[in-house]
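One structure is given here, and the rest of the page talks about it.
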Amino acid sequence: MRILFFITLLVIITGCTDSKYNNHVEQLLNSMSWLNSANPINDAVDAYNEKDFRYLAITGYSLSIPGLPTSMISVANDQNKFKIIGNCEVTEGQKHLNLCKLANKYAESYNIKLLNLRTGKSRDTLNHPY
């Protein structure tokens, strides 16, 4: 009887754990899926026109603000002038890994464009190939 109870309890706990994990992964993927159809250049211009000068960041083992010169990263970080677009500390499968790579490319292009708009520099100033 105890063995049957233990097996039933184990099945219930395992089932609940998998369900919670799947929900977590689904929420993670859904929160980043907008990147598949986003245009970083247009979005940066829109943000600039709306006077939203926050740069885009990605969480990993540390905060990453792709595309900004090293001297500006600490300023953006200290002044909370960033918004997080992806949580990539631990990748949850190939789809999440692909979205993290896309988030990095998107943030880099967006941040460079926004920085160039703010400083009045041409896009070639930072040697970015977009």
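Within region 23-50, count every residue that is surrounded by 11 or more Cβ atoms within 10 Å (Cβ to Cβ) and either touching a strand residue (DSSP E or B) at 6+ places or on another chain (Cβ under 6 Å) or in a helix (DSSP H, G or I) (or both).
Selection size over region 23-50: 19.
Looking only at region 56-87, how many residues end up being of a type in the set (S, T, N, Q), loosely packed, with under 12 Cβ neighbours inside 10 Å and either more than 24 Å from Leu29 (Cα to Cα) or at pLDDT 90 or above (or both)?
Residues flagged as of a type in the set (S, T, N, Q), loosely packed, with under 12 Cβ neighbours inside 10 Å and either more than 24 Å from Leu29 (Cα to Cα) or at pLDDT 90 or above (or both) within region 56-87 amount to 5.
On the given criteria, is Tyr48 in contact with a Pro (Cβ under 8 Å, 6 or more places away or on another chain) and modelled with pLDDT of 95 or more?
no
Could you tell me which residue of region 21-57 is farthest from Leu114 (Cα to Cα), considering only residues that are β-branched (Val, Ile, Thr) and out of contact with any Lys or Arg (no Cβ under 6 Å at 6 or more places or on another chain)?
So the residue we want is Val25.
Does any residue in region 68-87 that is of a type in the set (Lys, Arg) come within less than 9 Å, Cβ to Cβ, of a residue that is modelled with pLDDT of 90 or more and not in a helix (DSSP H, G or I) six or more places away or on a different chain, and which pairs are these?
From residues that are of a type in the set (Lys, Arg), the pairs are Lys81/Phe53; Lys81/Arg54; Lys81/Tyr55; Lys83/Asp52; Lys83/Arg54; Lys83/Tyr55; Lys83/Leu56; Lys83/Ala57.
The values are calculated or read from the model by the stated rules, or taken from the named source; none is laboratory data. Just so it is clear, the structure is predicted and the values come from calculations on it, not from any experiment. Positions of Cβ are generated from backbone atoms using ideal geometry, with glycine treated the same way; all protein chains shown enter the neighbour counts.
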